[in-house]
Every structure is written in C-alpha cells, then in structure tokens.
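See below for the structure under consideration.
Each value in this text was obtained by applying a stated rule to the coordinates, not by laboratory testing. All values reported here derive from a predicted model rather than from experimental measurement. Glycine also receives a Cβ, built like all others from the backbone with ideal geometry; neighbour counts cover every protein chain displayed.
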Amino acid sequence: MEIKVFNKFPLFSAQSYLLVKGEKALLIDCGYLSDELIQALKDVTLCGVIITHGHFDHIRGIDNLKKLYPDLKIFYNQTDINFLSNPINNCSRFADKNDVVINEETISLSEGIHAVGEFEFEVIYTPGHTKDSMSILFPKENVIFTGDFLFPRTVGRCDLPTSSISDLEKSLKKIIPYINDELIIYCGHDQATNGKRICQENQYIKDILNKTF
Ligand SMILES: [Zn+2]
C-alpha cells in the first residue's frame, strides 16, 4: 500500500493521506481539496473517504470532493453529537473566517474490522480530543492513522467542545496494545513516527506504560 501525504495547503488544514493499492484509493481526512490532491485522484478510483473526527480542518474539503465524486462514500464515527454541520462543535466558528457546514450523508463505522475496496482496516474509537475521534489501523501494513488523538510527542488538545481528559486516558490505555516497534503512526498535523519512538518520546504514552507495568 502506497501512502501519499498532502500537507501543503494555503489554509490551516489537517494532513490528508491518500492510500493507494493498484488502481484503488482510500482517502483519510479532507481538510482541503488542493490541486495536488485533485491531480493524484485522477490516477485512481476513489473507494471512499474516512474522517478521523469532525473538526473543520479535517472536513472542510468534503463538499468540493463530493462535487467531483457525487457518489463518494464518506465513512465516519457517528455519535449523538453533530460535528459536521455544527460550526461550534466542529470549531470553524472560532478558528476559521467561515462556518463549515457539511450536510453530506455519512456511513457510520463501528469498531472492528472493515473492508472497503481493496482496503482492510480496523476501527478503534479513541475519544478524548473529541467524542467522535477514531483511529484507523491497517494490520497487514502495520500502519495506523490517529487523527488528532495522538501525535509523536503529545496528544490532541482537550479544551474543545466534547473534549474529555478521562476519555483521552482511556483511549491511550486502549491503543497501547496495538503499538509495536515497527508500527508507523500517521497523525493529523505532524510528521509520522513509529511505535518504538512514540514509546520513548511521548510523555503521555510513557506515563500510561509506567502505570501499567
Ligand atoms: Zn481536531
């Protein structure tokens, strides 16, 4: 599986990841639909987009993406909280000049194993930064996408609507068994890291490991 990273955006946006297997592709987050991303999409058949959580900087490009691909499937962790069309919950009202309101239908991803096109992945709910945060693990490729839940040296901020520090701690405990030395960890706003490095460099992970063992 090839992983293409899109992070050169004129606006503040999360990174998008285009996963490619042969002719098929799966997109993780779409904070901005750049020309570069549009170009890359021309070479593949897009099987869907997965939203790691409903913050504006991860979803703002969805409307434009839907214009290009009207039948596109949008996969998401639907909770009882509306993020996508609520500018307060998706933080666009405070952080962006324009409210972000996404009214597209989504397909809810339950926890567990899923297959979309050629892609097999496991959904792990990891709330804390937001209630709808989830991580997407590709076991065969030993790769995980953590959105804004987990970064190489820190965790997502927990002072936003639906943030919960106790949920975050539970999510950290939950994710630890999935971490192995070679696991590649891709997050929303930083460089990738691996399992070995995150256990050495992320104080939040270290604290949980020290409490557990
Ligand atoms: Zn976020």
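Data overview
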{"item": "Relative contact order (%) - criterion: Cα under 8 Å, at least six apart; region: region 2-212", "result": "14 percent"}
{"item": "Highest-MSF residue in the chain out of THR126, THR106, THR146 [GNM, Cα springs under 10 Å]", "result": "THR106"}
{"item": "Exposure proxy ranking, count of Cβ atoms within 10 Å, fewest first, for CYS91, CYS30", "result": "CYS91, CYS30"}
{"item": "Whole-Å semi-axes of the ellipsoid equivalent to region 107-153 (Cα gyration tensor, √5λ, descending)", "result": "19, 14, 7"}
{"item": "Amide hydrogen neighbours beyond the local backbone of LYS24, cut-off 5 Å, H modeled", "result": "THR45"}
{"item": "16 Å tail of the calculated P(r), region 25-102, as % of Cα pairs", "result": "48 percent"}
{"item": "Cross-link partners of LYS4 among aspartates and glutamates (Cα-Cα below 17 Å; sequence separation of 8 or more within a chain)", "result": "GLU23, ASP29, ASP35, GLU36, ASP43, GLU118, GLU141, ASP190"}
{"item": "Convex hull per residue volume in Å³, alpha carbons only, for region 1-61", "result": "66 Å³"}
{"item": "P(r) weight above 23 Å for region 2-212, C-alpha pairs, percent", "result": "41 percent"}
